[in-house]
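Peer 1: Okay, handing you the structure first.
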Amino acid sequence: MSIAIIGGSGLMVLEGLEIERQQMQKTPYGEPSGPLTFGLLNNREIIFLPRHGNPHIIPPHEINYRANVWALRENGVEDIIAINAVGGITTEMTPGKLVIPDQLIDYTWSRQHTFFAKNDKEVVHVDFTVPYTPSLRQQILRAAKSISVDCIDGGTYGATQGPRLETAAEVLRMESDGCGLVGMTGMPEAVLARELELNYACISVVANWAAGKSDELISMESIQEYLHKGMGKVRTLLSATIRGNRT
Ligand code: HPA
């Protein structure tokens with residue numbers, strides 16, 4: 001079984017990964033965000049792909065999510081751990097926290113969000129009741145516990161279109177919908193993984209209070225600072241998760 005890590009903002013390179021090779025992968029949907037990086041993390045073969053490219057130049061709404069997920073599957077990946085920067089909506093989702101969401105609401109629009117098309121033999125509706133794979137979530141949470149990395153178990157990720165941040169009213173609406181987190185890259189990645197029958201879980205890094213949830217305006221400097229600190233914990237957590245993922 002092979003595992004992939006999709007890096008988000010703040011995680012363009014994976015320190016600790018002993019790189020073996022990089023490979024550009026063509027897909028029927030175009031090119032992924034960059035070459036797939038094959039390497040060893042904690043002596044385990046993994047594939048790393050930063051979804052915004054390296055350097056970070058592809059905005060959330062222009063990421064070729066289909067090519068990214070397809071390319072990973074083509075290379076034998078069965079488990080995807082996605083790293084996503086988010087804003088915190090509910091009081092427990094304070095900047096700096098790591099969260100393993102268990103639900104999501106999709107507010108994105110006009111993205112290429114499915115592999116299924118008009119000329120397919122039949123119309124397919126994948127089950128998406130539980131959008132994140134429970135066993136993979138548990139692996140991450142167990143690893144977090146084993147190394148005493150504080151991690152919130154559960155939360156609803158609201159995926160917005162971006163690239164702008166939200167208005168305060170939009171965040172209030174999301175909160176009343178049940179969202180605890182807001183980010184721009186969680187969808188359609190999660191459902192594309194489901195369509196290809198891959199296991200998928202997300203580590204969200206809270207980088208700021210969502211719009212209107214703090215008296216201060218959201219600054220990119222402050223986001224970068226929290227991301228920098230959060231990604232340090234993410235790297236340790238990924239390493240521990242990979243150690244436990246030996247099936
Ligand atoms: N909104 C949407 N996406 C984000 C945010 C936010 O507040 N912070 C980091 N990614």
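The values are calculated or read from the model by the stated rules, or taken from the named source; none is laboratory data. If you're wondering where the values come from, they're calculated on a predicted model, not measured in any experiment. Every residue, glycine among them, receives a Cβ derived from its backbone with ideal geometry; neighbour counts consider all protein chains shown. With ligands, DNA and RNA removed, areas are computed over all heavy atoms of the protein, side chains included. Shrake-Rupley method; radii C 1.70, N 1.55, O 1.52, S 1.80 Å.
Peer 1: Determine the relative contact order of the chain: mean sequence separation of Cα pairs under 8 Å and six or more apart, normalised by residue count, in whole percent.
Peer 2: 26
Peer 1: Checking the cross-link filter: which lysines have an alpha carbon closer than 27 Å to that of residue 97, excluding same-chain neighbours under 8 positions apart?
Peer 2: 145, 213, 229, 233
Peer 1: Between rounded, prolate and oblate, where does the stretch 139-234 land on the alpha carbon gyration tensor, with a ≥ b ≥ c its root eigenvalues, rounded for a/c under 1.5, else prolate if a/b exceeds b/c?
Peer 2: Here the stretch 139-234 falls in the oblate category.
Peer 1: Quick one: Cα centre-to-centre distance for the stretch 26-95 and the stretch 186-247, in angstrom?
Peer 2: About 11 Å separates the Cα centre of the stretch 26-95 from the one of the stretch 186-247.
Peer 1: Would you rank 2, 135, 222, 204 by solvent-accessible area, highest first, keeping every protein chain in place and using a 1.4 Å probe?
Peer 2: Most to least solvent-accessible, the answer reads 135, 222, 2, 204.
Peer 1: Taking a 1.4 Å probe, which of 106, 153 shows the most accessible area, and what order do the others take after it?
Peer 2: Result, largest first: 153, 106.
Peer 1: How would 51, 243, 73, 173 line up by accessible area, probe 1.4 Å, largest first?
Peer 2: The ordering from most to least exposed comes out as 173, 243, 73, 51.
Peer 1: Continuing with this model, one more query. Going by a ≥ b ≥ c, the root eigenvalues of the Cα gyration tensor, does the stretch 40-94 fall in the rounded group (a/c under 1.5), the prolate group (a/b larger than b/c) or the oblate group?
Peer 2: Here the stretch 40-94 falls in the oblate category.
Peer 1: Follow-up question, since we're still on this one. If each of residue 22 and residue 146 carries a label point 7 Å out from its Cα toward its Cβ, how far apart are those two points in nm?
Peer 2: 3.1
Peer 1: Taking a ≥ b ≥ c as the square roots of the Cα gyration tensor eigenvalues, with a/c under 1.5 meaning rounded and otherwise prolate when a/b beats b/c, else oblate, which class fits the stretch 101-167?
Peer 2: Since a/c reaches 1.5 but b/c is at least a/b, the shape of the stretch 101-167 is classed as oblate.
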